[in-house]
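One structure is given here, and the rest of the page talks about it.
The values are calculated or read from the model by the stated rules, or taken from the named source; none is laboratory data. Remember, predicted model here, so these are calculated numbers, not experimental data. Methodologically, a virtual Cβ is constructed for each residue, glycine included, from the backbone with ideal geometry; neighbour enumeration extends over all protein chains shown.
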Amino acid sequence: MTLEQVYQDHQAFVWRSVQRLGIPSAHADDAVHDVFLVVARRLAEFRSDSQLRTWLFAIALRVAQRYRRTQARQHRKAEALRSATEARVESSGEERRVAADLLHHLLSTLSEDRRAVFILIELEGLTAPEVAEAFRLKLPTVYSKLRAARQDLEQAIRREEARAEREVG
């Protein structure tokens with residue numbers, strides 16, 4: 001397996017992952033580049049007994065954590081979401097962008113471990129046993145984190161709805 005093959009097969013997955021892990025679109029390409037720099041250095045160390053996608057996600061998770069620590073992005077994201085929801089939505093492409101922004105904002109409210117489990121299972125379609133293997137967790141722990149992430153997201157959605165109602169009313 002070459003770096004070029006890994007990049008061609010998994011670049012889109014890594015790009016989606018860094019976005020869902022809270023990296024703004026403007027920085028997603030840089031984050032993907034950073035992920036594949038790590039992959040280039042460590043590809044020979046990859047153990048074939050685990051899945052390549054979960055290994056790539058773990059690298060993307062660490063890159064995203066570093067990006068979030070070095071950028072005060074939380075405030076900018078909240079402001080972008082607020083202005084996006086206040087603007088008149090006129091096209092389906094714009095609606096998808098607003099929905100994606102909202103999803104990224106809601107995901108940013110989750111703790112790192114819950115967000116990672118939720119993204120891999122709910123958005124990327126991995127199984128709980130695959131996630132357990134990737135993060136070296138017990139299967140009940142993965143299910144517990146997934147359940148907690150769902151509950152946290154439901155609460156975040158209710159808060160967003162309440163905030164939107166206060167702004168309209």
Checklist entry - Checking L126 against (1) modelled with pLDDT of 90 or more; (2) in contact with a Leu (Cβ under 6 Å, 6 or more places away or on another chain), which test does it fail? => result (1)
Checklist entry - Could you give every pair whose Cβ atoms fall below 6 Å, whose first residue belongs to segment 148-165 and is under 17 Å from V98 (Cα atoms), and whose second residue is surrounded by 13 or more Cβ atoms within 10 Å (Cβ to Cβ) and among the hydroxyl-bearing types (S, T, Y), counting only separations of at least 6 or pairs across chains? => result A156/T109
Next on the checklist: I need the full set of residues from segment 102-128 which are without any contact (Cβ under 8 Å) to a residue 24 or more places away in the chain and in a helix (DSSP H, G or I), in order please.
Outcome noted: A128
